[in-house]
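Heads up, the thing below is written out as structure tokens.
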Amino acid sequence: MADTLAAEGISLEVVDPRTLVPMDADAIRASVRKTGRLVVVDEAPATCSAASEIVALVTEDAQTFRALRAPVQRVCAAPVPVPFSPPLEQAALPDRARITAAIRRVLA
């Protein structure tokens with residue numbers, strides 16, 4: 001997806017923390033300070049998720065929070081139990097269209 005947006009002149013910095021404990025908080029804060037933006041993608045619903053923890057990490061640090069030039073965007077699963085059917089499962093999870101829309105919102 002980053003390659004597709006790069007073709008449109010949109011440069012992304014992707015940080016994949018891999019784990020919450022320990023979380024590479026320094027890398028996340030450094031990225032937000034550098035770019036001024038944050039889009040968090042998580043396959044869990046937004047409530048009580050890794051996405052929520054990452055947003056809290058950024059907003060609780062005053063220097064990083066002040067670096068934000070746009071509202072933080074979370075792209076998460078729908079707040080429903082994960083459907084058993086593959087087509088419905090894919091509809092409930094974050095997809096390229098929703099992620100791309102969130103990226104465009106933070107750049108607007």
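The values are calculated or read from the model by the stated rules, or taken from the named source; none is laboratory data. Since this is a predicted model, take the numbers as computed values, not measurements. When we count neighbours, we look across all protein chains shown, and the Cβ atoms used for this are built from the backbone with ideal geometry, even at glycine. We work out accessible area using only protein heavy atoms, side chains counted, and drop any ligands, DNA or RNA first. Shrake-Rupley method; radii C 1.70, N 1.55, O 1.52, S 1.80 Å.
Within the option set GLN90, GLN73, being polar (S, T, N, Q), open to solvent by 30 Å² or more (accessible area, probe 1.4 Å) and modelled with pLDDT of 95 or more holds for one residue only, GLN73. Restricting attention to the stretch 74-88, the residues that are part of a helix (DSSP H, G or I) and within 22 Å of SER52 (Cβ to Cβ) total 0. Selection within the stretch 51-68: residues that are among the charged types (D, E, K, R) and more than 24 Å from ALA108 (Cβ to Cβ). The member of this set that is surrounded by the fewest Cβ atoms within 10 Å (Cβ to Cβ) is GLU60. The number of residues in the stretch 93-108 being in a loop (DSSP other than H, G, I, E, B) and open to solvent by 70 Å² or more (accessible area, probe 1.4 Å) comes to 1. Can you confirm whether the stretch 43-57 contains a residue that is at pLDDT below 95, of a type in the set (D, E, K, R) and part of a strand (DSSP E or B)? Within the stretch 43-57, one or more residues are at pLDDT below 95, of a type in the set (D, E, K, R) and part of a strand (DSSP E or B). Pairing each residue of the stretch 52-71 that is closer than 17 Å to VAL41 by Cβ with any residue that is loosely packed, with under 10 Cβ neighbours inside 10 Å, provided the two are 6+ apart or on different chains, yields C-beta distances under 9 Å for ALA70/ALA108. Could you check, for the stretch 34-50, whether at least one of its residues is open to solvent by 30 Å² or more (accessible area, probe 1.4 Å) and farther than 22 Å from MET1 by Cα? Yes. Of all residues in the stretch 1-30, those that are over 24 Å from PHE65 (Cβ atoms) have Cβ atoms under 7 Å from Cβ atoms of residues that are of a type in the set (A, V, I, L, M, F, W, C) and open to solvent by less than 80 Å² (accessible area, probe 1.4 Å), 6 or more apart or on another chain, in MET1/ILE99; ALA2/LEU12; LEU5/LEU12; LEU5/ILE103. From the list ARG33, ARG66, ARG37, the one residue that fits, being modelled with pLDDT of 95 or more, over 22 Å from ALA78 (Cα atoms) and not in a helix (DSSP H, G or I), is ARG37.
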